[in-house]
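Report on one structure; see the data block that follows.
The values are calculated or read from the model by the stated rules, or taken from the named source; none is laboratory data. Because the structure is predicted, anything quoted here is derived from the model rather than measured. Positions of Cβ are backbone-derived with ideal geometry, glycine not excepted, and every protein chain shown enters the neighbour counts. The protein model used for the area step is the full one, side chains on, heavy atoms only, and it has no ligands, DNA or RNA in it. Shrake-Rupley method; radii C 1.70, N 1.55, O 1.52, S 1.80 Å.
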Amino acid sequence: MSDMMLNLDCSGSRGPCKDSSGSNKHKAFNDRRRLFEKKGYLNKKQNQHNHRQGNKHQGPPPWANRPSQPNAAHNKSSAHTQNTHGKSSYHIPSSEHARGVASKPASSTSSSTSLTITVKNSTNPEQSTSTITPGHQHPPTRTVAHCAPVPRGSAPFCNPLKYLAMDCEMVGTGPKGRNSELARCSIVSYDGDVVYDRYIKPTNAVTDYRTRWSGISWHQLVKAMPFQHARKEILKILAGKVVIGHAVHNDFKSLSYSHPAVLTRDTSRIPLLNQKAGFPEKDVASLKRLTKALFNRNIQTGKKGHSSVEDAKATMELYKVVEVEWERTLASK
């Protein structure tokens, strides 16, 4: 009878009744849960749980694939550069190796760390840096090295390889050495480097070596290169180049060659050069006089005669003195 009464007290349920202590624990649990929900702790934890569950289906977060190396490749990205006039601008290179890029982007535009842009200029040893605060969209970090600007007075066509200075030395052939024939040819580059320098054996027998002026004697021509062979080499070098010389028409004549007038610069026929040297504009000054007046340097001295290499270098230096003004004058004509 007592067992039957116990079952009836359990509201007619067929299973065993819950212990009163269990009901108290459940009630205390619900009270704590409501308190946590009221303060927002439980909502934050639930949101984090839901976010982790969602990421399992959406794949790794975008920052998971961020490159760990500071020089990760990004082919098309903006570079913050500084031009030679001190103005800043954004430049978009076509590739990673374009326009002297020294380093590659290290972070994305949404990085939480500050970004530093460094611009180096070879003409100014100081570095100009600027720091970008996070939270703003800026181009990725990139260091750009600027090449030194080309001086205004050099290479008006922006290609020094097109400019050559030539000087030739002649000896006499025929009766009393009246005929002049090529015996040495020297060619130097825009920077004064020797491009060609050979002794050349004339076609006819030499009757006057003119050593006092040419600096050539018989032993230098014994095993010299034949004229026709040397001529082919020289004309191949001069083809398409701007040839600079002092009374250069005599050098072309010794080669039996006529160079295009638009590619010829004769320093013996530049009124502006005479003006800078203090000579009359219509005066045909010698290479020796011009070099002494403008550079205070003596050439063609001594009893051993002239050096065609020395003369070619002096001719190129004279050309550079009036290069800009002369080229502008020729362009205007």
- Counting only protein heavy atoms and using a 1.4 Å probe, what share of the accessible area of segment 204-263 belongs to carbon plus sulfur, as a whole percent? 59 percent
- Extent along principal axes [Cα atoms of segment 207-314; Å; largest to smallest]: 44, 36, 21
- Item | Top positive-direction residue, dipole computed over segment 255-331 with Cβ charges, set V324, V309, S258 | V309
- Item | Accessible surface of E281 - all protein chains present, 1.4 Å probe, nearest 10 Å² | 110 Å²
- Item | HN-Hα J in Hz across segment 210-219 - Karplus 6.51, -1.76, 1.60, θ = phi - 60°, x for Gly and Pro | 6, 4, 4, 10, 7, x, 10, 10, 4, 5
- Message: Please compute the contact order of segment 201-279 in relative form: average sequence separation of alpha-carbon pairs under 8 Å and at least six residues apart, divided by the residue count, as a percent.
- Response: 24 percent
- Item | Area of D193 that stays accessible when all protein chains are in place (1.4 Å probe, Å², to 10) | 90 Å²
- Message: In segment 244-302, if the dipole is taken from +1 on Lys/Arg beta carbons and -1 on Asp/Glu beta carbons about the Cα centre, which of A293, Q275, V248 is farthest to the positive end?
- Response: A293
- Potential extension, A239-T207 segment - 0.36 nm per residue separation minus Cα distance: 8.3 nm
